[in-house]
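Working notes, structure below.
The values are calculated or read from the model by the stated rules, or taken from the named source; none is laboratory data. The shown structure was predicted, so the numbers you read here are calculated from the model rather than taken from an experiment. Neighbour counts are summed over all protein chains in view; Cβ atoms, including those assigned to glycine, are modelled from backbone coordinates with ideal geometry.
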Amino acid sequence: MSSVTDVWTVLVILGLAVITVVTRSLFFISSKPWQLPHWAQRGLQYAPIAALAAVIVPELVMTQGQLMPGWQDARLFAALAGAAWFLTHRAQRQAVLGTIVMGMAVYLPLHLGLGW
Amino acid sequence: MFNAAWLRHSEFRAGALDALGAAPGLAAWGLMTGVAMMNSGLSTFEALLMGVTVFAGSSQLAAIPLIAAGAPMWVVLATGFCVNLRFVVFSAHLRAYVMHLPLGQRLLTGYLITDLSYVQFTHRYPKHGTTPEQHLAQQAYLAGNCGVTWVSWVGMGILGIFLAGLIPAAWGLGFAGILALLGILMSLASSPLRWVSAGVAGAAAVAAFALPFKLNILLAIAAAVAMSLLLESARRARDTTSGGSA
C-alpha cells in the first residue's frame, strides 16, 4: 500500500483513457464511405443486450469465480425484485430508477441484516 | 462539442431525464469505484486522474487489481481493451449517427457514450438523422444524456476517493450499478430473440468465466449474436416455406 504517485502508474492510467476513446470511437475515425455487411447489421440488434447480460449475470450468480453455493444470496432476491418492478412498470419513464430502488430495498436488509 | 443550441433544444432535457432515471445506480457504483481505487493503494492523484479521465467503470474495475499487483503495462492495457470491446461494436452501430461531425467532435462524442447512453440513445432514435434538424436533435439528446452520466459518474467517483476510509466495501453499495444495468437490459428486451440473446450471453459468460482478460464477455456476445442470427434465419426460412404452401 503506497500512496506515492509514480510515473508508470500515471502512464497506465492515461493509456486506459486513450483506450476508452479508441474503443468507443473506433468506427468513427475513418471518414471513407463504408457500410457494415448485412449480417453484421442484423447481428448488431442482438449485441447490446448480450453485452449487458454477459456483464450482469456473473455478478448475480458467482462468488469469487465460482457459482454461488446456495440460494441464500441477497443479490438473487434483489435482482428478482428489481426485475419484477420493471416488468410491472415498464411503461413509465423512470422504470429503471424503480428497478434500482426496489432492488436495493431488498438487497440492503438481506445483505446487512442477515449477512446473505 | 459544446453548442448553446443544444441546451435550448427539448431533446437535451429528454436525454438528461432518461439518464437521471439510472443515475442513482450509476452514482452508487461510481462512489464504490472511487473507494476501490483508494483501497487498492493508488495515490490520491492517481485515483483522481483515473476517476476523471478513464470514464469506463468496467475497465477501471478490471484494471485496478492488475495495477495494484504490478502487472506489466501491456497486460493492463490489453485487459482494458478487451473489457471495452463491446464499445467497438457500439461504435460500428453509431457511425452513421455521427459522421456529419468533424473528427474531433466524433472522438469526443464517442468518448462520452457509455453503455447507458448508447442503449437509451438508440432506443430513442432507432434510425440515424438525415437532416440538420434531426442531427441537432440527436446531438442535443446525447449532450443531455452524456452530461448527466458524466457528472454523476465522475462526481461520485471523486466523492468516493475522499470518503474511502468511511465507506466499507462490505455494504455492497456498488450492487446498485448492476441493478441499473439490469434495468437497462430489461428495457432492451423488446423481442423474444433478444431474450434468447441475453440468456445465451449470460450462460456463456458464467461458463467461460475462467478466461483471462474478461474475454468471457466477448465470447458470450459472439455466442449470443450467432445463436440469435441462426434462429432468426431459421424462422425466416420456415415463414417462407409455410407462406409458399398456403
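Observations
- For the residues B:Leu231, B:Leu173, B:Leu181, B:Leu215, the requirement of being within 11 Å of chain A (Cβ to nearest Cβ) and touching a Cys at 6+ places or on another chain (Cβ under 7 Å) singles out B:Leu215.
- Helices (runs of 4 or more DSSP H) fully within chain A counting 1 or more residues that are at pLDDT 85 or above and of a type in the set (Asp, Glu): A:47-61
Okay, residues lined up against (1) outside the structural domain of B:Arg86 (by TED's automatic domain parsing); (2) assigned to a helix (DSSP H, G or I); (3) touching a Pro at 6+ places or on another chain (Cβ under 6 Å):
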| site | (1), (2), (3) |
| --- | --- |
| B:Ile184 | no, yes, no |
| B:Ala201 | yes, yes, no |
| B:Ala204 | yes, yes, no |
| B:Ala210 | yes, no, no |
| B:Lys214 | yes, yes, no |
| B:Ile221 | yes, yes, no |
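- Filtering segment A:102-116 to residues that are at the interface with another protein chain (Cβ under 7 Å from one of its Cβ atoms) and either loosely packed, with under 12 Cβ neighbours inside 10 Å or under 19 Å from the mean Cα position of the chain (by Cα) (or both) leaves A:Gly103, A:Met104, A:Tyr107.
- Selection status of B:Phe162, surrounded by fewer than 17 Cβ atoms within 10 Å (Cβ to Cβ), more than 19 Å from A:Ala84 (Cβ to Cβ) and among the aromatic types (Phe, Trp, Tyr): yes
- When B:Arg86 is tested against (1) under 24 Å from B:Val54 (Cβ atoms); (2) in contact with a helix residue (DSSP H, G or I) (Cβ under 6 Å, 6 or more places away or on another chain); (3) not in a helix (DSSP H, G or I), only condition (3) is not met.
- If the condition is being β-branched (Val, Ile, Thr) and out of contact with any helix residue (DSSP H, G or I) (no Cβ under 7 Å at 6 or more places or on another chain), then segment A:57-95 contributes A:Thr63, A:Thr88.
- Residue check, B:Val83 crowded, with 22+ Cβ neighbours inside 10 Å and more than 7 Å from every other protein chain (Cβ to nearest Cβ): yes
- All positions within segment B:99-119 that are modelled with pLDDT of 95 or more and of a type in the set (Val, Ile, Thr): B:Thr109, B:Ile113
- Residues of segment B:184-206 classified as under 27 Å from B:Pro24 (Cα atoms) and more than 7 Å from every other protein chain (Cβ to nearest Cβ), total: 3
- Residue match in segment B:19-28 (condition: within 23 Å of B:Leu182 (Cα to Cα), outside any helix (DSSP H, G or I) and either in contact (Cβ under 8 Å) with a residue 40 or more places away in the chain or assigned by TED's automatic domain parsing to the domain that holds B:Leu215 (or both)): no
Conditions (1) under 25 Å from B:Gly104 (Cα atoms); (2) more than 21 Å from the chain's Cα centre (by Cα), marked per residue:
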site: B:Ala5; (1), (2): yes, yes
site: B:Arg8; (1), (2): yes, yes
site: B:Ala16; (1), (2): yes, no
site: B:Ala23; (1), (2): no, no
site: B:Gly30; (1), (2): no, no
site: B:Gly34; (1), (2): no, no
site: B:Gly41; (1), (2): no, yes
site: B:Met50; (1), (2): yes, no
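- Any chance B:Gln139 is farther than 18 Å from B:Ala56 by Cα, part of a helix (DSSP H, G or I) and touching a residue at least 40 places away in the same chain (Cβ under 8 Å): yes
- Subset of segment B:29-61 [facing chain A (nearest Cβ under 10 Å), within 29 Å of A:Gly98 (Cβ to Cβ) and either β-branched (Val, Ile, Thr) or not in a helix (DSSP H, G or I) (or both)]: B:Phe55, B:Ala56
- Residue within segment B:117-133 that is surrounded by fewer than 20 Cβ atoms within 10 Å (Cβ to Cβ), aromatic (Phe, Trp, Tyr), farther than 26 Å from B:Asp18 by Cα and without any contact (Cβ under 8 Å) to a residue 40 or more places away in the chain present: no
- Residue check, B:Arg95 at the interface with chain A (Cβ under 9 Å from one of its Cβ atoms), within 28 Å of B:Ser40 (Cα to Cα) and not aliphatic (A, V, I, L, M): no
- Just one residue in the set A:Ala78, A:Ala53 is crowded, with 18+ Cβ neighbours inside 10 Å, more than 21 Å from B:Ala207 (Cβ to Cβ) and aliphatic (A, V, I, L, M); that residue is A:Ala78.
- Residue match in segment B:62-69 (condition: closer than 25 Å to B:Arg86 by Cβ, among the small types (Gly, Ala, Ser), more than 23 Å from the chain's Cα centre (by Cα) and in a helix (DSSP H, G or I)): yes
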